[in-house]
Amino acid sequence: MTYIICEPCVGVKDTACVDVCPVDCIHPTKTEPEFATLDMLYIDPNECIDCGACEPACPVEAIFPEDNVPEKWKSYIPVNYDFFKK
């Protein structure tokens, strides 16, 4: 299972979650060129170890375990997966 970043992150991109991730699976980071052009962050489902460190670190409460994504934000699940299919 992975964690999913949802709508509250859009336009915010607070990187507190990036700072606490032990496997660096949240992208783009501030050092990646895409950071300036994308409007939210994404969690790599293949890299995420389901540790949960990112969830409490998010100041806008945008991160959820995939199985607990609120119904109104379920559309962010495929968006998150699709980001890493590039």
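No lab work stands behind these numbers, since they all come straight from the coordinates. The structure displayed is predicted, hence computed values, not measured ones. Glycine gets a Cβ as well: all are built from the backbone with ideal geometry, and neighbour counts include every protein chain shown.
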In whole Hz and in residue order, list the ³J(HN,Hα) couplings for the stretch 42-48 that follow from phi through the Karplus curve 6.51 cos²θ - 1.76 cosθ + 1.60, θ = phi - 60°; x for Gly and Pro.
9, 10, 6, x, 7, 9, 4
Give the calculated FRET efficiency between residue 85 and residue 61 to the nearest 0.05, with a Förster radius of 22 Å applied to their Cβ-Cβ distance.
0.25
In the chain, what is the count of Lys pairs whose alpha carbons are under 22 Å apart, counting only pairs at least 8 residues apart or on separate chains?
9
Shape category assigned to the chain from the gyration tensor of Cα positions, a/c cut at 1.5:
rounded
The stretch 43-86: which chymotrypsin sites (Phe, Trp or Tyr not before Pro) are DSSP loop and have at most 15 other beta-carbon atoms within 10 angstrom?
84
When the Karplus curve 6.51 cos²θ - 1.76 cosθ + 1.60 is applied with θ = phi - 60°, which whole-Hz ³J(HN,Hα) does each residue of the stretch 27-39 get, with x for Gly and Pro?
9, x, 7, 4, 8, 8, x, 5, 3, 6, 9, 8, 9
With θ taken as phi - 60° and the coefficients 6.51, -1.76 and 1.60, list the Karplus ³J(HN,Hα) couplings across the stretch 7-17 in order, rounded to whole Hz; mark glycine and proline as x.
3, x, 7, 4, x, 9, 6, 5, 9, 4, 5
Estimated [θ] at 222 nm from DSSP helical runs (n ≥ 4, -39500 (n - 2.57)) normalised by residues in the chain, nearest 500:
-4500 deg cm²/dmol
With the cut-off at 1.5 for a/c, could you classify the stretch 47-86 from its C-alpha gyration tensor as rounded, prolate or oblate?
oblate
